[in-house]
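One structure below.
The values are calculated or read from the model by the stated rules, or taken from the named source; none is laboratory data. Keep in mind that what you see is a predicted model, and the values were worked out from it rather than measured. Quick reminder, even Gly has a Cβ in these numbers, built from the backbone with ideal geometry, and neighbours come from all protein chains shown. The protein model used for the area step is the full one, side chains on, heavy atoms only, and it has no ligands, DNA or RNA in it. Shrake-Rupley method; radii C 1.70, N 1.55, O 1.52, S 1.80 Å.
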Amino acid sequence: MFKLWIAICGSVLILGLAFSSSKVQANTKYSVFCADGKIEADSRTLDQMKSARGSNVCLLKEFDYSSDADNYAQSIGGKGSACSCN
C-alpha cells in the first residue's frame, strides 16, 4: 500500500511539473528590437532589453516563434543592420 501511495504521489508530481513547464514555454515571446541603432532578435521583454542595452531600445515586432522573429529580422535587413526608433 505504501509503494502504491508513493507511486501515485510521484506521478502527480511529474504531471504537475510537465504542465507547469509547458505553460512557461507557451508564454515565451520572441521579439525583434532596434537596440542602439541595430536590429536584434531576442526572447527578452522590452523592459529587460532596456535594462541590458539602455533606453535607446524599441520593439519592432513580437512573435510566438523564434524562427518567425529571425525571418522578420532578415526581411528588414538582418540582425546587426541599421535601424532607428521613431
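Can you pull out the strands (runs of 3 or more DSSP E) entirely within region 27-66 that have at least 3 residues that are in contact with a helix residue (DSSP H, G or I) (Cβ under 6 Å, 6 or more places away or on another chain)?
30-35, 57-63
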Qualifying residue in region 71-86 (condition: at pLDDT 95 or above, in a strand (DSSP E or B), open to solvent by less than 70 Å² (accessible area, probe 1.4 Å) and not charged (D, E, K, R)): no
Leading residue by the ranking (nearest to residue 37 (Cα to Cα)) among those in region 49-74 that are out of contact with any Gly (no Cβ under 9 Å at 6 or more places or on another chain) and polar (S, T, N, Q): 55
